[in-house]
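The values are calculated or read from the model by the stated rules, or taken from the named source; none is laboratory data. Note that the structure is a prediction, hence the values are computed from the model and not measured. Please note: Cβ atoms are built from the backbone with ideal geometry, for glycine as well, and neighbour counts cover all protein chains shown. For accessibility, only protein heavy atoms count, side chains too; no ligands or nucleic acids. Shrake-Rupley method; radii C 1.70, N 1.55, O 1.52, S 1.80 Å.
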Number of protein chains: 2
Amino acid sequence: MTGFSADRRTFLAGAAAGAAFLRPGAALAQSGQLESIRAAVVAGHDEAVGRLQDWIRNPTIAAEKLNVDGGADYMMGLAREAGFQKVQKVSTAGAPGVFATLNAGAKRWLGIYFMYDVKQFDAAEWAHPPLEARLVDRPGTGQVIVGRGAVNQKGPQTAFLAALLAIRAAGRKLPVNLVLVAEGEEEIGSPHFPQIVQRPDVLATLKKCQGVIIPSAGQGPNGAASISLGAKGVIELELIASGEKWGRGPVRDVHSSLKAQIDSPVWHLVQALNTLVAADGNTPAIEGWFEKVRPLTLRERALVAEGARNRVEADSKRALGVQRWIDDAPWLESLERLTSQPTVNIQGLVAGHTGPGGKTVLPSRATAKLDFRLVPNMTVEDSLTKLKAHLAKRGFGDIDITMSGGYDPTETSEDSRVVRAQQAVFTRAGIPFTLSPRSPGSWPGFVFTGAPLGIPAGQFGLGTGAGAHAPNEYFVIESLSPAVAGLDAVTMGYVDFLYEMASIK
Amino acid sequence: MTGFSADRRTFLAGAAAGAAFLRPGAALAQSGQLESIRAAVVAGHDEAVGRLQDWIRNPTIAAEKLNVDGGADYMMGLAREAGFQKVQKVSTAGAPGVFATLNAGAKRWLGIYFMYDVKQFDAAEWAHPPLEARLVDRPGTGQVIVGRGAVNQKGPQTAFLAALLAIRAAGRKLPVNLVLVAEGEEEIGSPHFPQIVQRPDVLATLKKCQGVIIPSAGQGPNGAASISLGAKGVIELELIASGEKWGRGPVRDVHSSLKAQIDSPVWHLVQALNTLVAADGNTPAIEGWFEKVRPLTLRERALVAEGARNRVEADSKRALGVQRWIDDAPWLESLERLTSQPTVNIQGLVAGHTGPGGKTVLPSRATAKLDFRLVPNMTVEDSLTKLKAHLAKRGFGDIDITMSGGYDPTETSEDSRVVRAQQAVFTRAGIPFTLSPRSPGSWPGFVFTGAPLGIPAGQFGLGTGAGAHAPNEYFVIESLSPAVAGLDAVTMGYVDFLYEMASIK
């Protein structure tokens, strides 16, 4: 707590700017429960921090098959501790997931989606060990926890659990009943999550819900928030060219001098890749790729424009380490593209000699790791079919396409209760926010918003952090800025949201 | 020696097929020295094997900066042991080399080129540890030494040293004087070897030479040999695309969802690469690349045709793990291309996430490792200039070109004494051979054949092995086939060659 105890005491006293986040919603204020819950949140602070640290120290990494089953057990323990009465492991054709219910005898049900896996990391790139979950003073930001998964998504999820614990510690019942569905394969594209949600008993329980949220750190570094009304879909796959499958080139690496006599699977892959984007290096050139792409509506364009006005382009460029957007597009146009355009991205290339210096080989195999972001009304199935046909038609039918995961785009109406409740909480907390028609990233919301369930779903939460999928990921515990929520204010945000969901018209 | 002692005794007695390789040249027979040298070679066998094993166990790997200086010291020790009177380390702007002379008071001088570095290896791909230099019984082949550098070039070089030692052990003087020039950077393209050769005292001594040979295992698995009248040149380099240099895309990896807004250095590299070869994936498409390419002469075509007749296409395909040559070319045409065509080969690709599974990053940097083989009258300097101009003209001027090494093509006349002496030795040993106009691989012979030295230079030696630059590299010590020379016969081949060089008209 070094350097932050004073702030916390101030926060506790409700006398400083930081306390702004404790302004309750009408439902919460009228319940007469505000003060006792607030006290319970503050009293539970250290325990919540310790819980987050311990969770970070026990990572599940699906891509490396690390702690997949253990991560589910850990999640079940957290759910039980937070008061879920029924907690089950749900087996699938792949990794298991978790299904839990907390029936508080309330009128309404709310769905909660958790992911307990994290992205891979290279510890050498980190300033602090990624699995130590150190509390660090970050200049200009405040006290943060540094660690893989801190912001994506263990920090926000821990705050949500802290909200449940605080309500119970204050001797109160939850104002809504909860259904928790959790998986440990989000970072590889949730290949088995649909199986979890579509188990009949899980599906039946979810059908009772007003909607689903995934706890998320929704504030930017300046405090402004964005509520996403959807997210792009994604396909992650590898394209693998090999002499063996091609029937040309060598089946094992040979000396590079033989290139004058022998075909190269690496050139074959490079030429295949080159057909996937236009000369600008950006626009997907896969045949029929734009067939189902739905242009932005007038409302969506207005929302993007509002978002552009509420963010500072220079800050965004600096944060991303970028001097120019594609095609030197101006700020608004770059954001419209970010929202509306499908992408073909190369995550990684691996062929032949990858160590230092050269090695005179003609490699027998080359791999490209790709991700494709999909916008409505594209689907994974249709897109994959088009990619296969595109490659086959151009003489690359031998190239193996190994899909590791993916899901369709997701959309939720701004009129839904979960979206309106989010706006109410942000408004009361004095947090400026915009509605974003679509997040450029992906999460498996389609499992909820698509058939057969068809309920609203979105990410929600106060607080901030950075470094998802990158080195030095962090989540803010104590915020120096009064405009940005620290852990306790994030927790109170979830408390307010639960009461709002219980009472909103 | 398990399993081979009997063969060695037979060999010693000169009564078996293996002994065919001891048939002396006229000069050697007339010298009256044959029997005593032959006995010394056989007596020195175990020592020579031990010397080769110890050398393999002390690798120099220039690409990894491993034991570069120590390798020079080791080489100097070998030269002194073999009777060189003056042995010097030659410093350069980079790694040092070795210059040694053995003045036997003979009429003629012969140059010897050694490389004491070896290619990198991945021990996990080997059946036997690559640095243990184990003696292994290879079914159908005989006793071999398995290890990195066994055939390229420590085995043949050890046999050459054994020849010098045997002549001395027999109480004889060498029939020719020797100049040894050696380097430890051959596998990275000999970036500093010209500096070694062009040191005034080295150059003056080499100018006295009839020519230069690099000891080499010249026999194929069936015993047939090929004498190369030259070799292609080579350029090894990396093309590196980065957001930093480009001024587009990110300067550090960012989340892959941003692809709709941010350029990708990986796509930039893929598109640059794609301009380097034609649609066939083989023919170089760099502007002006064929400007200086000299077509094969009638004599060269005849030599390639003879080589094609003397080799079995199916054996070659099987050995290389290849079903088809480029463009489905027939055998002869594929060999003509191998001899006559320049190449652009991708040795390796490295970008973004290279580990298992996917990782949703938009990488800030991508690297392609390339080698270009050059044929007469292409030069490194001119080719590099053309590559740079080609990329710049097509919008890829930002891509860094980092050349690690390279050298011009080399050519030697078939009328030179070193080439005629080789033919005489092969003929006497009963080894079928062909003249090859040009090796598709590269060695820095241009340092000798080009200006300012201009003397003949070529690879020479009996014996066989395989796996250069690949796993399980080996050199045959005891041959099951009477058509293929084992270590002692290879050694006697060098003895014969030295006497032939002393007497040939």
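Only protein heavy atoms count here; under a 1.4 Å probe, residue B:173 has an accessible surface of about 150 Å².
Burial annotation for region A:337-360: residues with an accessible-area loss of at least 50 Å² between the isolated chain and the complete set of protein chains, computed on heavy atoms with a 1.4 Å probe, are A:338, A:345, A:346, A:347, A:349, A:358, A:359, A:360.
Answer rounded, prolate or oblate for chain A, using the Cα gyration tensor with square roots of eigenvalues a ≥ b ≥ c: rounded when a/c is under 1.5, else prolate when a/b is larger than b/c, else oblate. Prolate is the answer for chain A, as a/c is 1.5 or above and a/b outweighs b/c.
Counting 0.36 nm for each residue step from residue A:280 to residue A:123 and taking away their Cα separation leaves a gain of 53.1 nm. With a Förster radius of 25 Å applied to the beta-carbon distance between residue A:298 and residue A:385, the computed FRET efficiency rounds to 0.20. A loss of 40 Å² or more of accessible area (1.4 Å probe, protein heavy atoms, ligands and nucleic acids excluded) relative to the isolated chain is seen in these residues of region A:208-247: A:247.
The accessible-area ordering, largest first, of the residues A:78, A:66, A:480 stands as A:480, A:66, A:78, per a 1.4 angstrom probe.
For region A:167-322, which whole percent of the accessible surface, found with a 1.4 angstrom probe, sits on carbon and sulfur atoms?
Numbers: 2940 of 5600 Å².
Ligands and nucleic acids excluded, carbon and sulfur reach 53 percent.
What's the local net charge at residue B:196, with K and R +1, D and E -1, over the other residues with C-beta under 14 Å away?
Working: positive: B:89, B:199; negative: B:117, B:183, B:185, B:186, B:201.
Result for the neighbourhood of residue B:196: -3.
In nanometers and ordered shortest first, the copy-to-copy spacing of the residue B:306 label point, defined 7 Å from Cα toward Cβ, is 8.5. Residue B:46 contributes about 90 Å² of solvent-accessible surface, heavy atoms of the protein only, 1.4 Å probe.
For region B:273-412, the relative contact order works out to 25 percent when only alpha carbon pairs closer than 8 Å and six or more residues apart are counted. For chain A, the relative contact order comes to 25 percent (Cα pairs under 8 Å, sequence separation of at least 6). Of the three principal axes defined by the Cα atoms of region A:334-412, the extents in descending order read 53, 30, 21 Å.
For n ≥ 4 DSSP H runs only, could you compute -39500 (n - 2.57) per run for the protein assembly as shown, divide by its residues and tell me the 222 nm figure to the nearest 500? Show your work: numbers first, answer last.
Values: 34 runs with 338 residues, N = 1010.
Taken over the protein assembly as shown, the calculation gives -10000 deg cm²/dmol.
Panel note: the C-alpha atoms of region A:68-207, placed on their principal axes, show extents of 46, 41, 21 Å (largest first). Cα to Cα, under 26 Å, and not fewer than 8 places away if on the same chain: which lysines meet these conditions relative to residue A:505? Correct list for residue A:505: A:107, A:173, A:207, A:208.
Cβ neighbours within 10 Å, averaged per peptide: list A:193-200, B:248-255, B:307-314 in order, most packed at the top.
Values: A:193-200: 18.0, B:248-255: 22.0, B:307-314: 14.6.
Descending packing order for the listed peptides: B:248-255, A:193-200, B:307-314.
For chain A, what does the accessible surface come to per residue with a 1.4 Å probe? Please give it in Å². Display every interim value, and only then the final one.
Details: 17500 Å² over 505 residues.
Normalised by residue count, the accessible surface of chain A is 35 Å².
Treating each Cα of region A:282-349 as one equal point scatterer and applying the Debye formula with no solvent, the log10 of I(q)/I(0) at q = 0.13, 0.15, 0.17 Å⁻¹ comes out as -0.46, -0.60, -0.75. With N counted as the residues of region A:247-401, its alpha-carbon radius of gyration over 2.2 N^0.38 Å works out to 1.32. Beyond 26 Å between alpha-carbons counts as too far, so tell me which of B:86/B:154; A:245/A:386; A:359/B:317; A:259/A:388 fall in that bin. The answer is A:259/A:388.
If I take every Cα pair under 8 Å that is 6 or more residues apart in region A:55-131, average their sequence separation and divide by the length, what percent do I get for the relative contact order? Mind dumping the intermediate values first?
Values: 84 pairs, mean separation 25.4, N = 77.
Here the relative contact order equals 33 percent.
Here region B:321-353 and region A:369-429 have alpha carbon centers that stand 39 Å from each other.
Can you give the accessible area buried between chains B and A, summed over both chains, with a 1.4 Å probe, in Å² to the nearest 100? The partial results should precede the final answer.
Details: alone 20970 and 21010 Å², together 34960 Å².
Roughly 7000 Å².
Each of B:403, B:492 has its accessible area taken with a 1.4 Å probe; listed largest first, they run B:403, B:492.
Evaluate peptide B:361-371: per residue, the Cβ atoms of other protein chains within 10 Å of its Cβ; return the mean as an integer. Intermediate values should be presented prior to the final figure.
On the way: counts 9, 6, 6, 2, 0, 3, 2, 5, 12, 2, 8.
Partner Cβ neighbours, averaged per residue: 5.
Coupling constants for region B:280-294 follow from the phi torsions by the Karplus curve (6.51 cos²θ - 1.76 cosθ + 1.60, θ = phi - 60°), and in residue order they are 6, x, 10, 6, x, 10, 6, 4, x, 4, 9, 3, 9, 5, 8 Hz; glycine and proline get x.
Rounded to the nearest whole angstrom, the semi-axes of the ellipsoid equivalent to the protein assembly as shown, taken from the Cα gyration tensor as √(5λ), stand at 70, 28, 25, largest first. For residue B:403, the label point sits 7 Å beyond Cα toward Cβ; its separations from the matching points on the remaining copies run 4.7 nm, from shortest to longest. For region B:359-505, the C-alpha radius of gyration divided by 2.2 N^0.38 Å, with N the number of residues, is 1.45.
Excluding residue B:340 itself, calculate the net charge of residues whose Cβ lies under 12 Å from the Cβ of residue B:340, where each Lys or Arg counts +1 and each Asp or Glu counts -1. Mind dumping the intermediate values first?
Numbers: positive: B:232, B:294, B:301, B:337, B:373, B:438; negative: B:300, B:333, B:336.
Surrounding charge for residue B:340 is +3.
Contact with the other protein chains removes 30 Å² or more of accessible area, compared with the isolated chain and a 1.4 Å probe, from these residues of region A:448-475: A:469. When nucleic acids and ligands are ignored and a 1.4 Å probe is applied, residue B:76 ends up with an accessible area of around 20 Å². Of the solvent-accessible surface of region A:348-505, computed with a 1.4 Å probe over protein heavy atoms with every protein chain present, carbon and sulfur atoms account for 53 percent. Quick note on region B:182-250: its Rg to Rh ratio, both from C-alpha atoms and Rh being the Kirkwood radius, is 1.19. For region A:105-157, the fraction of 1.4 Å probe accessible surface lying on carbon and sulfur atoms is 51 percent.
Once you average over the residues of A:268-275, how many Cβ atoms of partner chains fall within 10 Å of each Cβ? Numbers along the way, then the final one.
On the way: counts 1, 4, 12, 8, 1, 6, 6, 1.
For this peptide, the per-residue mean of nearby foreign Cβ atoms is 5.
Take residue B:124, push a point 7 Å out from Cα through the beta-carbon direction, and compare it with the same point in every other copy: 1.5 nm, smallest first.
With all protein chains in place and ligands, DNA and RNA left out, the 1.4 Å accessible area ranks A:176, B:350 as B:350, A:176, largest first.
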